Amino acid sequence: MNKFISLLAGIIFGIGLVISEMINPEKVLSFLDLFGNWDPSLAFVMIGALIVSSPMFHLIKNNKKPLFTDSFNYSKNKDINNRLIIGSSLFGVGWGLGGLCPGPAISSIALLNINSITFVVAMFVGFYSVKFFKLSS
Amino acid sequence: MNIVNFTPITATVGGMIIGLAVVMFFLFNGRLIGISGIAANALSEKNNRFDNLFFLIGLVIGPIFYTLFTNKEINITISNSLILLIIAGLLVGIGTRISGGCTSGHGISGVGRFSLRSIIATITFMIVGILTVLIKNYI
């Protein structure tokens with residue numbers, strides 16, 4: 001049952017990326033173009049997601065356990081360190097160069113766009129290299 | 001600064017749908033969505049492997065369902081060269097694993113639970129992203 005929820009959550013997330021147009025890198029880059037032709041939409045996507053998820057998170061976390069699994073399982077890492085800043089900065093450079101972050105990039109595989117597929121392959125090489133060199137958080 | 005192509009309503013509605021996916025995954029499966037982590041672990045970790053794979057499959061078929069039900073075409077524009085996209089992909093892959101999250105994991109799930117770590121990560125990648133676009137477009 002929890003696998004069905006995973007599939008459904010992925011589908012809903014993907015539809016949200018399409019409706020909000022975050023699947024389109026040009027729209028994301030336009031958000032990052034704060035000093036040029038700025039499109040504030042991405043901020044509204046985050047606000048919309050947070051309005052729904054944040055209050056529900058704080059309610060649900062007090063439940064004894066999730067409905068379909070045995071325990072809650074999410075990162076409680078509180079470390080604020082160089083790795084957090086360096087990693088986020090590298091991500092920011094990549095995000096600003098391509099306009100793609102992991103969710104929209106994977107979702108856009110559906111459109112069979114050679115550019116986004118190339119990006120996703122490179123991204124997975126990045127994931128693996130961090131694992132290989134044991135640098136992951 | 002000129003404000004262009006601003007679509008506040010579809011952005012907010014789309015964001016709320018994304019929020020719904022986060023709530024569902026948490027309520028039923030007890031996990032918070034962070035796509036870089038799910039994707040990186042799907043192929044390399046045995047733990048939750050099928051949950052992760054099913055989520056990723058869903059993420060890809062979401063846009064296909066959208067097109068089937070609405071009959072609307074999804075248009076995206078990626079105007080970068082392949083070399084630049086490879087560099088960008090590597091940086092996104094490496095950066096998100098070193099910092100432990102991306103726009104979804106830190107930006108939505110982490111900020112939503114008021115994690116200072118995630119708030120700092122989100123501010124960092126936003127500022128660096130804005131500076132990168134500034135340098136790329138204007139210098």
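The values are calculated or read from the model by the stated rules, or taken from the named source; none is laboratory data. It should be emphasised that the depicted structure is a prediction, and the values quoted were computed from it without experimental measurement. Positions of Cβ are generated from backbone atoms using ideal geometry, with glycine treated the same way; all protein chains shown enter the neighbour counts.
Tell me, which residue of segment A:35-51 that is farther than 23 Å from A:SER116 by Cβ and modelled with pLDDT under 95 is surrounded by the fewest Cβ atoms within 10 Å (Cβ to Cβ)? Checked segment A:35-51; the qualifying residue surrounded by the fewest Cβ atoms within 10 Å (Cβ to Cβ) is A:PHE35.
Scan A:SER75, A:SER54 and give me the residue that is crowded, with 20+ Cβ neighbours inside 10 Å, among the small types (Gly, Ala, Ser) and within 18 Å of the chain's Cα centre (by Cα). After ruling out the rest, the residue left standing is A:SER75.
So which residues in segment A:104-118 are within 7 Å of another protein chain (Cβ to nearest Cβ) and over 23 Å from A:LEU7 (Cα atoms), if there are any at all? Matches in segment A:104-118: A:ASN115, A:THR118.
Picking from residues in segment A:86-128 that are of a type in the set (Gly, Ala, Ser) and over 18 Å from B:ALA121 (Cα atoms), the one that is surrounded by the fewest Cβ atoms within 10 Å (Cβ to Cβ) is A:ALA110.
Here's the yes/no breakdown for (1) within 7 Å of chain B (Cβ to nearest Cβ); (2) in contact (Cβ under 8 Å) with a residue 12 or more places away in the chain; (3) within 17 Å of A:GLY16 (Cα to Cα):
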| residue | (1), (2), (3) |
| --- | --- |
| A:TRP38 | yes, no, no |
| A:ILE51 | yes, no, yes |
| A:PHE57 | yes, no, no |
| A:LYS76 | no, no, no |
| A:LYS134 | no, no, no |
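Looking only at residues of segment A:87-101 that are free of Cβ contacts under 8 Å to residues at least 40 places away in the same chain and either touching a Gly at 6+ places or on another chain (Cβ under 8 Å) or more than 7 Å from chain B (Cβ to nearest Cβ) (or both), we find that the one that is nearest to B:GLY89 (Cα to Cα) is A:GLY94.
Applying the condition of being farther than 17 Å from A:GLY126 by Cβ and polar (S, T, N, Q) to segment B:95-139 and asking which residue is farthest from the chain's Cα centre (by Cα) yields B:ASN137.
So which residues in segment A:1-26 are facing another protein chain (nearest Cβ under 7 Å) and not aliphatic (A, V, I, L, M), if there are any at all? A:ASN2, A:LYS3, A:SER6, A:GLY10, A:PHE13, A:GLY14, A:GLY16, A:SER20, A:GLU21, A:ASN24, A:PRO25, A:GLU26, listed by residue number. Take B:PHE54 and tell me if it is under 19 Å from A:GLY48 (Cβ atoms), surrounded by fewer than 24 Cβ atoms within 10 Å (Cβ to Cβ) and either modelled with pLDDT of 95 or more or touching a His at 6+ places or on another chain (Cβ under 6 Å) (or both). When the stated conditions are applied, B:PHE54 does not pass them.
Criterion applied to A:LYS76, A:LYS65 was being at pLDDT below 95, of a type in the set (D, E, K, R) and farther than 22 Å from B:GLY62 by Cα, and the one residue passing it is A:LYS76.
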